[in-house]
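The values are calculated or read from the model by the stated rules, or taken from the named source; none is laboratory data. This one's a predicted model, so the numbers in the text were calculated from it and none came from an experiment. Cβ placement follows ideal geometry from the backbone for every residue including glycine, while neighbour counts extend to all protein chains displayed.
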Amino acid sequence: MQPPYIDTGTPFGVRVLTLTVLYVAFSIWVKYVIGRSPVGFQRLILSIPVFVVSIASPWLFNSNDELLTRISCAFIFSWLCTSKVLAFCLGRAPLREGMTAPQIAAVMILPVFPKPPERAKTGPVGRLHDTAGTGWVLAGRWMGKVVVLGLIAYIALTYGDSLPQVLRHYMHIMGLYSFVGFLMDGPAALAVEALELPLVPTFDEPWKSCSLADFWGRRWNITTSSVLRVLLYDCIVDGALINPRRSSTAEPVGPPAKTPATPAAQDAAPEGQQSGGKQQQQRQQQGAGAVAGRGTKPSMFRRQLGLHATFLASGLIHEYILWTVSGTGKWGWRWCLFFYMQAPLMTAEAYLGRLMRRAGLHAPLLLRIALTHAVIERMSGPLFFVPVERDTDLAARVIRATTANYLALLEPLGPLLGPLAAQVGQQLGPLLTAASAPFKA
């Protein structure tokens, strides 16, 4: 079955502007109507218009000359925005009643995740307590990823067919990293500077990952993993759909308050001397968690169930997005298996790590990084890249679309860049034409 496409007959800019206006209106609806309703079923009913528009938004753009916009809408609106509003209906992050309407609009429209209030650490929290940095830092990262994305597109279009498979896969991974970072870091810089909205990091040097848990939980696409964590993992380990700590969501959102004592100074103090500071604060947090129903550490069964459910959901969502943007109309299984397999592998990894620590063994950092890369590459070849390289031409079409956008950007800059813009256009123009032949499965 082919994914839907709604041909409105309106120009591209009008459709983008219409979606923007709709989500600004939705932010007011979320702030003053949904946010003032009881959490649970009533909020879900009131959120139906947001869910419908978010799921249908990529259908307004075709899979050919509007491919990048269709992908972006499927990722930002169909996945992230729907999940954020659904979590808000359950009293969970990232949306909070204390946010202003512009802050809510930014969180719904942009692929960002605001830093939630501190909570009792009764289980793993990933990067939810970390901060992405200032707006200028994020803007610098965004510019860097724009440059890297352009270089990757040029190399892929010019030399991609002659590269060894492993290098081609790494090139695609870096391209995906740059493209998703392009979607995240630029908007994040605006959100931080204009709205004083502290955010969790987007990426954190994923090539340095020393384990699968480090890669998926702390370094790769942290915004998406945070959304999955609060909506699926936390619900399971809490044993409740409604957030037991939801009273904190009414607090206003802004820059973190400055405290006289830094965490580093508290951590450096001997354990017995922290009773008046950090340990007292931890006891207060744990007491609040006990009142809210999270006073004890969740069982191993719940944590494993949460882990497996999270990666299974991630696989199904990725499979849906692939079906939506590939243009083939075929529903596959490889992406779903690729993401779900991370859960049992991470469980085995953690068990092996405990055995090694008990035996007094410690693998060197470089070896752990190399093993992590090897495992991900071994799985991604047949499960992640085959659907976009062999079963469909999605990877090639994304590269062509990205390169075409760069050429369109260089065209008005021709008088400034001089011969460089003309040379790039002469080299890539014929390649884009040759690569535009219809794909045959």
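Within segment 355-404, can you find the residues that are under 30 Å from GLU66 (Cβ atoms), surrounded by fewer than 17 Cβ atoms within 10 Å (Cβ to Cβ) and among the basic types (Lys, Arg)?
Matches in segment 355-404: ARG390 only.
So, of the residues in segment 53-92 that are among the charged types (D, E, K, R) and at pLDDT 95 or above, which turns out to be nearest to SER178 (Cα to Cα)?
So, considering only residues that are among the charged types (D, E, K, R) and at pLDDT 95 or above, the one nearest to SER178 (Cα to Cα) is ARG70.
Out of all the residues in segment 346-385, which are under 30 Å from SER326 (Cβ atoms) and over 22 Å from the mean Cα position of the chain (by Cα)?
Matches in segment 346-385: ALA374, ARG378, PRO382.
Could you check PRO94 against (1) surrounded by fewer than 19 Cβ atoms within 10 Å (Cβ to Cβ); (2) in contact with a Pro (Cβ under 9 Å, 6 or more places away or on another chain); (3) assigned to a loop (DSSP other than H, G, I, E, B) and say which number it fails?
(1)
Look at LEU352 and say whether it is more than 20 Å from HIS308 (Cβ to Cβ) and either loosely packed, with under 13 Cβ neighbours inside 10 Å or in contact with a strand residue (DSSP E or B) (Cβ under 8 Å, 6 or more places away or on another chain) (or both).
When the stated conditions are applied, LEU352 does not pass them.
Could you tell me whether segment 140-161 includes any residue that is surrounded by fewer than 16 Cβ atoms within 10 Å (Cβ to Cβ), at pLDDT below 85 and assigned to a loop (DSSP other than H, G, I, E, B)?
Scanning segment 140-161 turns up no residue that is surrounded by fewer than 16 Cβ atoms within 10 Å (Cβ to Cβ), at pLDDT below 85 and assigned to a loop (DSSP other than H, G, I, E, B).
Given the criteria at pLDDT below 95, exposed (fewer than 13 other Cβ atoms within 10 Å of the Cβ) and of a type outside the set (Gly, Ala, Ser), does PRO4 qualify?
Here the answer is yes, as PRO4 does meet what is asked.
Check whether at least one residue in segment 37-51 is in contact (Cβ under 8 Å) with a residue 40 or more places away in the chain, surrounded by 12 or more Cβ atoms within 10 Å (Cβ to Cβ), under 24 Å from VAL388 (Cα atoms) and out of contact with any Ser or Thr (no Cβ under 7 Å at 6 or more places or on another chain), and report yes or no.
No: segment 37-51 contains no residue that is in contact (Cβ under 8 Å) with a residue 40 or more places away in the chain, surrounded by 12 or more Cβ atoms within 10 Å (Cβ to Cβ), under 24 Å from VAL388 (Cα atoms) and out of contact with any Ser or Thr (no Cβ under 7 Å at 6 or more places or on another chain).
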